[in-house]
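Have a look at the structure below, then the notes.
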Amino acid sequence: MEKEPSSSSDVSASHVGRVRNRRRANEVTTDGNKANGPTLLVSDRNKYKSMLIRTYSTVWMIGGFAFLVYMGHLYIWAMVVVIQIFMATELFNLLRKSSEEKQLPGFRLLNWHFFFTAMLFTYGRFLSRELVNTVSSDHLLYKLVSGLIKYQMFICYFLYISGFVWFILTLKKKTYKYQFKQYAWTHMILLTVFAQSSFTVANIFEGMFWFLLPASLIVINDIAAYLFGFFLGRTPLIKLSPKKTWEGFIGASVTTIISAFLLANVMGRFQWFTCPRKDLSTGWLQCDPGPMFKPEHYYLGDWAPNWFPWKEVFLMPVQWHALALGLFASIIAPFGGFFASGFKRAFKIKDFGDSIPGHGGITDRMDCQMVMAVFAYIYHQSFISPHNFSVDAILDQILRNLTYEEQRNLYEQLGEMLGNLCKADKLAACL
């Protein structure tokens, strides 16, 4: 064959170049959009369908949550346990390989052994006082529970070591890497998911207010960010989550902080929310709300403009603390969602599950809640809970460390001491 002239080959090459560089209609539109700025999220029709599904699921979740709040602390604790089990299931399945599992029958049970050991240890520490108070009327059951609580740490350690030995004995050739990866993955789940979410239960029994307000602020922030971003979103916020926008972030922050200040005033009026639960019963609560929930008078005077109808207001001290919770829920807690987004990108998945239509899995809804629960607990212990020794704290140590006979001996000695004081000083309280 004869070689074609170079001029024709140049023309052909240039023609191919023009064909390859030719833009399609949709590409031209995209460039035009880039020139005019990002399009509003409302321009995507699919967003409306997604919004309806998401709204429907949200209404059902809020309704079910409100029902559990009405039922009481014990039911909310049960809800948290169910959520933890669902989250663990979703995360355990994330690295599961069926080909490897077939060679390791029963290996999956080891994950749940560590999970329920962690549950026994965590809730045994958080709820020991409530458990003892529940069975105090039954002498035999009281002695049994007191003994279990006294040796709870040893029992949990023995269970953990048995799981460790179980893991070593199940190691098989050609699956070492997979098994050690599962071992590390299980411990990471217990540390980052179970341990953090367990602080929620501690908040519940400190007073439902300290659980309900932080959880509500996360829900409000999530809904507000979605709505502001849906209708006004133009500027991307972070690459890890392309649908998040600055407009949604700022709008949600303002909404959450205002909501925190107002909701604290509303929730602080109900003893069902403010009273701590000292046992595992479900009856109604009555207590002294304490100075944190008692309204204080503020005279605005010249600070208020002439058109403002109120010259004096009554605010609870807890409302100022609620502002701190609102700031954290709107600025820091969303980074739990960003962490989850980066995590999903690393594993190339859209959602952790599909149990909630329009939302994904349980883990997708709880990422920010876990971060918020830890902060609410630490904030309460640091700035709200009294730091001096209280009657409840002393009783907790007595119940945890003394046997039934030692407690009875202590009770008799205290009775003798009070009797001597009454005889010597003639105290009015003894009369």
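The values are calculated or read from the model by the stated rules, or taken from the named source; none is laboratory data. As the structure is a computational prediction, the values presented were derived from the model and not from experiment. Cβ placement follows ideal geometry from the backbone for every residue including glycine, while neighbour counts extend to all protein chains displayed. Protein only, heavy atoms only, side chains kept; ligands, DNA and RNA dropped before computing areas. Shrake-Rupley method; radii C 1.70, N 1.55, O 1.52, S 1.80 Å.
Among the residues of the range 161-202, which ones are in contact with a helix residue (DSSP H, G or I) (Cβ under 7 Å, 6 or more places away or on another chain), β-branched (V, I, T) and in a helix (DSSP H, G or I)?
Selection gives T186, I189, V193, T200, V201.
For the range 86-134, enumerate the residues that are aliphatic (A, V, I, L, M), part of a helix (DSSP H, G or I) and touching a helix residue (DSSP H, G or I) at 6+ places or on another chain (Cβ under 8 Å). Step through it out loud before you land on a result.
Here is the first cut: in the range 86-134, the residues aliphatic (A, V, I, L, M) are 87-88, 91, 94-95, 104, 109-110, 118-120, 127, 131-132.
Checking which are part of a helix (DSSP H, G or I) leaves us with 87-88, 91, 94-95, 109-110, 118-120, 131-132.
M87, A88, L91, L94, L95, L110, A118, M119, L120, L131, V132 - these are the residues of the range 86-134 that are aliphatic (A, V, I, L, M), part of a helix (DSSP H, G or I) and touching a helix residue (DSSP H, G or I) at 6+ places or on another chain (Cβ under 8 Å).
Tell me which of these P276 doesn't satisfy, since it passes every other one: (1) in a helix (DSSP H, G or I); (2) touching a helix residue (DSSP H, G or I) at 6+ places or on another chain (Cβ under 8 Å); (3) not polar (S, T, N, Q).
Looking at each condition in turn, P276 falls short on (1).
Select from the range 313-358 the residues that are within 18 Å of the chain's Cα centre (by Cα), among the aromatic types (F, W, Y) and open to solvent by 70 Å² or more (accessible area, probe 1.4 Å) and list them in ascending order.
Passing the criteria: F335, F339.
Can you tell me which residue within the range 292-312, out of those that are modelled with pLDDT under 90 and closer than 19 Å to L262 by Cβ, is surrounded by the fewest Cβ atoms within 10 Å (Cβ to Cβ)?
Here is the first cut: in the range 292-312, the residues modelled with pLDDT under 90 are 297-312.
Right, trim to closer than 19 Å to L262 by Cβ and you get 297-298, 300, 304, 308-310, 312.
Working: H297: 8, Y298: 12, L300: 12, A304: 14, F308: 9, P309: 5, W310: 9, E312: 10.
Top of the filtered list is P309.
Are any of the residues in the range 181-188 of a type in the set (A, V, I, L, M, F, W, C), within 23 Å of the chain's Cα centre (by Cα) and open to solvent by less than 70 Å² (accessible area, probe 1.4 Å)? I'd like the intermediate steps shown before the answer.
Just the residues of the range 181-188 that are of a type in the set (A, V, I, L, M, F, W, C), to begin with: 184-185, 188.
Subset that is within 23 Å of the chain's Cα centre (by Cα): 184-185, 188.
With the extra rule that they be open to solvent by less than 70 Å² (accessible area, probe 1.4 Å), the set shrinks to 184-185.
Within the range 181-188, one or more residues are of a type in the set (A, V, I, L, M, F, W, C), within 23 Å of the chain's Cα centre (by Cα) and open to solvent by less than 70 Å² (accessible area, probe 1.4 Å).
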